[in-house]
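Coordinate-derived values only; no laboratory data. The shown structure was predicted, so the numbers you read here are calculated from the model rather than taken from an experiment. Here the Cβ positions follow ideal geometry from the backbone for every residue, glycine too, while neighbour counts run over all protein chains shown.
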Amino acid sequence: MSAQDAPAAPGGPGELSGMFQVRIHGRGGQGVVTAAEMLSVAAFMEGRHAQAFPSFGSERTGAPVVAFCRIASKEIRLREPILDPNCLIVQDATLFKAIDVFSGLKPGGYLLVNTNKSFEEVHIAQQAGALPPGHAVIVPATELAMKHVGRPVPNAALLGAFAALTELVHFDSVKRAIEETFPGRIGAANVAAAQEAFDFVTALERAAHA
């Protein structure tokens, strides 16, 4: 288990009262655990308390993997897996057929799915439609990763999308967390993927309110 905690500071793009919990589903080799860690670093950079850790289980390539991130305005004492997330990040849409991804998602929660298909095509239109307008978003994160990074690892792109969707952290904090995790050219490529995903979700939101 790895965790990162820091004193909280007031303010931030998404005013935080209480705790915001994120559960990330993916498969081994997709950087699921790294995504949770980068998100916690981004929150940490904004003065929040943050914690990231993986579920215990197989991380062999292709096996289902779950990681967790908690962000709070005060010290986090919980250490158990997240059963009632505020946000689900799904890095592999084939998991909807394999496990109950939606288990415990709060009624007003957020859903971020990596796919180039529609909610109908991945058979989750009912679940996505039950969330508040604008809270469920599809992002072709693997395509963005291939374009910018040259590898099918969607985690950085999805964090850019998360920043736009929830406004819980600034994109600049996500950018810095990616650069800390992946220095040099690889970091710059992942930042580019994250920026395009952020812009993609921002454009969706603008279109919805037009």
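Selection over the range 188-207 of residues that are crowded, with 17+ Cβ neighbours inside 10 Å and not aliphatic (A, V, I, L, M) gives a count of 5. Might you let me know whether the range 162-181 holds any residue that is surrounded by fewer than 17 Cβ atoms within 10 Å (Cβ to Cβ) and either farther than 26 Å from Gly47 by Cα or among the β-branched types (Val, Ile, Thr) (or both)? Within the range 162-181 (the criterion being surrounded by fewer than 17 Cβ atoms within 10 Å (Cβ to Cβ) and either farther than 26 Å from Gly47 by Cα or among the β-branched types (Val, Ile, Thr) (or both)), the answer is no, since none of the residues qualifies. Residues that are in a loop (DSSP other than H, G, I, E, B), more than 30 Å from Gly47 (Cβ to Cβ) and in contact with a Pro (Cβ under 7 Å, 6 or more places away or on another chain) within the range 76-114 comprise Ala98, Ile99, listed in sequence order.
Residue pairs whose Cβ atoms lie under 9 Å apart, separated by 6 or more positions or on different chains, with the first residue in the range 105-125 and free of Cβ contacts under 8 Å to residues at least 12 places away in the same chain and farther than 16 Å from Ala197 by Cα and the second of a type in the set (A, V, I, L, M, F, W, C) and assigned to a helix (DSSP H, G or I), are Glu121/Ala93. Note on the range 129-210: enclosed helices (runs of 4 or more DSSP H) holding 2 or more residues that are hydroxyl-bearing (Ser, Thr, Tyr) and either touching a helix residue (DSSP H, G or I) at 6+ places or on another chain (Cβ under 9 Å) or farther than 26 Å from Arg27 by Cβ (or both) are 171-181. Of all residue pairs spaced 6 or more apart or on separate chains, those with beta-carbon atoms under 6 Å, a first member in the range 61-76 that is over 16 Å from Ala35 (Cβ atoms) and in contact (Cβ under 8 Å) with a residue 12 or more places away in the chain and a second member that is among the polar types (S, T, N, Q) and in a strand (DSSP E or B) are Ile76/Gln51.
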